[in-house]
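Some notes on the structure that comes next.
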Amino acid sequence: MRTGLALLCAVLALASLALGPVDLAALWARDPELARNLFIELRLPRTGLALLIGAGLGASGAAAQALFRNPLASPDVLGPSSGAALGAVLAGYFLGAGVIGMAIGGLAGAGLSLVLLLALAGRGAGATRLVLAGVAVSMLLGVAINLALSLAPSPFALYDLMFWLMGSLNDRSLPQLALAAPLILIGIVLLLRAAPALDTLALGEEVAQSLGVGLSALQARVVLAIALATGAGVAVAGSIGFIGLIVPHLVRPYVGHRPGAAIAPSALAGAALLSAADIAVRLLPAGLDLRLGVLTALIGAPFFLCLIMGRS
């Protein structure tokens, strides 16, 4: 399965590099330097970010569902997405920072959400208390985002804020890719290393402890990894929902429903799904501007409703 998903990611990456409003092959014949700059400065970072952010969201979703032993859990429940969005908004529209400053502000916001989460949950908190603390942090940061929107310095700033929060990979640059990539990759690696312990946790907390799994240390590692993988993605691309929720459900049947074993294929499937969605957004008819986060929500919301109805 991993090989097939990896090949799919490779095919979608090539398609992402080749497809778009501008025909690179035709442009290369007329102006090779412009075509080269377009490829390196726009197509390459956009393709790389789609793969990395999708992988981070997919792996984080699988890990969150394994940690909380809840198939309806998603990375958003812990608050790093809201924290990153708030940090980017404050940095970009109230401190006057550029795109890199917004990304740094987003990373700072994700870190703040992690601090708040751990402070509310307390040391050695169980899964239930951790989820409740995450929901409280997400609500608090959501209120702060709405307050920031209401205090936007101008109607144009408010318009930009709203569109950024919808999630997009338009006009992303190599510096943004260089900033987000290491953090997302570190988060994914930490989650992959936690996969065996998460498989053991599925047998129950008492069994996991008897087999040498430190629950507090495992929770801390997984929460930190999710904050890195999702916070860095939101910091550069805005909010992109539902990838972390639906992807683990698509791959789990192929790994024997083992929650930890689903992390690696979920990363690959998340990368493929977000890349495919970004290609679809790019190829829409001229004049139709559909944001990436809106498209993933249109795909994910019906899937989420089906999950709820199937479990009711």
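Since every read-out is calculated from the coordinates, none of them should be taken as a lab result. Note that this is a predicted model, so its numbers are computed, not measured. Note that each Cβ is placed from the backbone with ideal geometry, even for glycine, and that neighbours are counted across all protein chains shown.
Of note:
- Of all the residues in the stretch 70-127, those that are in contact with a Lys or Arg (Cβ under 9 Å, 6 or more places away or on another chain) and buried (at least 19 other Cβ atoms within 10 Å of the Cβ) number 1.
- Picking from residues in the stretch 127-169 that are of a type in the set (S, T, N, Q) and in contact (Cβ under 8 Å) with a residue 12 or more places away in the chain, the one that is farthest from residue 77 (Cα to Cα) is 168.
- The stretch 29-87 - residue that is outside any helix (DSSP H, G or I) and among the polar types (S, T, N, Q) and, of those, nearest to the chain's Cα centre (by Cα): 74
- Selection count, the stretch 128-139, where residues are surrounded by fewer than 17 Cβ atoms within 10 Å (Cβ to Cβ) and not hydroxyl-bearing (Ser, Thr, Tyr): 5
- In the set 194, 227, only one residue is farther than 30 Å from residue 91 by Cβ, among the aliphatic types (A, V, I, L, M) and crowded, with 19+ Cβ neighbours inside 10 Å; that residue is 194.
- Test: residue in the stretch 39-48 that is surrounded by fewer than 24 Cβ atoms within 10 Å (Cβ to Cβ) and free of Cβ contacts under 8 Å to residues at least 40 places away in the same chain: yes
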